[in-house]
């Protein structure tokens, strides 16, 4: 069996006295969409931020066969990990195009560039010189995705891309994901919206209070099973 | 006509203040560092010229070739070591570290050069002036300092707006963590910003040394004017810094024209008035939420 693209083992992250992640392990294969679901405070975003290099961790992270546990966040971009952070985190003093171009500073070689992003999101070219603060939430989210794409990632980390957006905008954003998969980009997405996540994911993992409570394929489990793992119900609680 | 001359002198003095404030504004705008050693670094720049020029009569303009690059390297190193480490402990630590640096520099300069005043020689340039009207005198040196201030501020602004490194510096000033996840080596880029800030303060120190006498303890006064120019102009805005310097210079010379003993006081009062009426400055950085 070939080595997974991302192999994270026994990740433990502390915020002071609080253990935000407790020995969480996950593997993402090339060409896969992997979803991490869980309620607020379950540790989903901490997990993604740890994989992106923003939190020191106990445990081990291997990416494409290399140990990147001690690598800085900017070095991980060079390895092929790009992140679309929660809340977009665009640079307010930069224009739309500058925000995308900044994603190229430590990019791998590949086919994604600014022009390719304008092809993917047709509205962007005409508004490329606007400050991002003038864009709607959905438009800003697409800029954040474009900024990550121009790094030519092998793994895209998507943190709550649907948060605060109208359902129709969320659908627009999720429609882009198959295109990215076709281009060889694997995805690890974090979502509170379980049904949305399970619709697009090949496999998923449910977190509760920093621990893994369920993992597998969406077909393996009923909605009831996932909800029980999501909220921490036992079979008795549910009945 | 004397009032017109006062305005012209004020604008030229404003160029010197803007030069001082440029590095201060950049360090605060990009890295959030309030550098209390800024004035002492300017004085250090002048003393480095005193130490390295072959004689006290050597033209100090030559020092512009080697002191700013030396300070750029010093700034990069200081950011990667002293300032970076202090920033991780919070803004109060950075404030204390730069205050400590200020004390160390003043004492080291007093040990090395005594408490006596020095000045930098620029030959006959210090007295050369032209007179467009009978009561108007424009010193070539002062005009040169104003032109240098404008060129430096425009160059820094163009660098920030039009280059990849400039965009990275602006991104860093917006959001350090987001900058790191898009692949920016934030420590290196912060070092580059500090290098630019230190190089500009070296130019400011040399300009001040050519303009007036300086002593190891002169830095505090320079820091005060630098801060006032930054705050009048608006924090984080380089164009505002130029405007702030000019307002401060105008206030000082126009005040002195009314009464030679109150020029500096008028400048400080104008600063206080602007702070009260427009706390964000005349041209605050236009960052929108």
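Just so you know, all these numbers are worked out from the coordinates, no wet-lab data involved. Just so we're clear, the structure is a prediction, and the values are computed from it rather than from any experiment. Glycine also receives a Cβ, built like all others from the backbone with ideal geometry; neighbour counts cover every protein chain displayed.
For the stretch B:8-167, relative contact order (Cα pairs under 8 Å, six or more residues apart, normalised by length) works out to 34 percent.
Take A:26-37, A:171-182 and order them by the average number of nearby Cβ atoms within 10 Å per residue, most first; the result is A:26-37, A:171-182. Rounded to the nearest 10 degrees, the angle from helix B:164-174 to the longest Cα principal axis of chain B is 80 degrees.
For the stretch B:173-191 versus the stretch B:204-241, the spacing of their alpha-carbon centroids is 28 Å. Normalised by the number of residues in chain A, the average gap of Cα pairs under 8 Å and 6 or more apart makes the relative contact order 27 percent.
A simple spin-label model places the labels of residue B:137 and residue A:129 4.8 nm from each other, with each point 7 Å out along Cα-to-Cβ. For chain B, the longest principal axis of the C-alpha atoms and the axis of helix B:2-26 are separated by about 20°.
Extension gain, residue B:81 to residue B:34, is 15.3 nm, computed as 0.36 nm per intervening residue step minus the present C-alpha separation. Per residue of A:87-97, other chain Cβ atoms within 10 Å of the residue Cβ number 5 on average. The helix-only estimate of mean residue ellipticity at 222 nm for the protein assembly as shown, built from DSSP H runs of length n ≥ 4 each weighted as -39500 (n - 2.57), is -17000 deg cm²/dmol after division by the residue total. So how far, in whole Å, is the C-alpha centre of the stretch B:25-89 from the one of the stretch A:189-208? Their Cα centres are 53 Å away from one another. One chain, two ends: residue A:224 and residue A:39. Fully extended at 0.36 nm per residue, the span grows by 65.1 nm beyond their Cα-Cα distance. Here the label points at residue A:119 and residue B:165, each 7 Å from Cα along the C-beta direction, are separated by 3.4 nm in the simple model.
Net length available on complete extension from residue B:261 to residue B:150 is 37.0 nm, with 0.36 nm assigned per residue and the Cα-Cα distance removed. Mean sequence separation of contacting Cα pairs (under 8 Å, at least six apart), scaled by the length of chain B, corresponds to a relative contact order of 38 percent. Shielding by partners for peptide B:165-176, expressed as the average number of C-beta atoms from other protein chains within 10 Å of each residue's C-beta, is 4.
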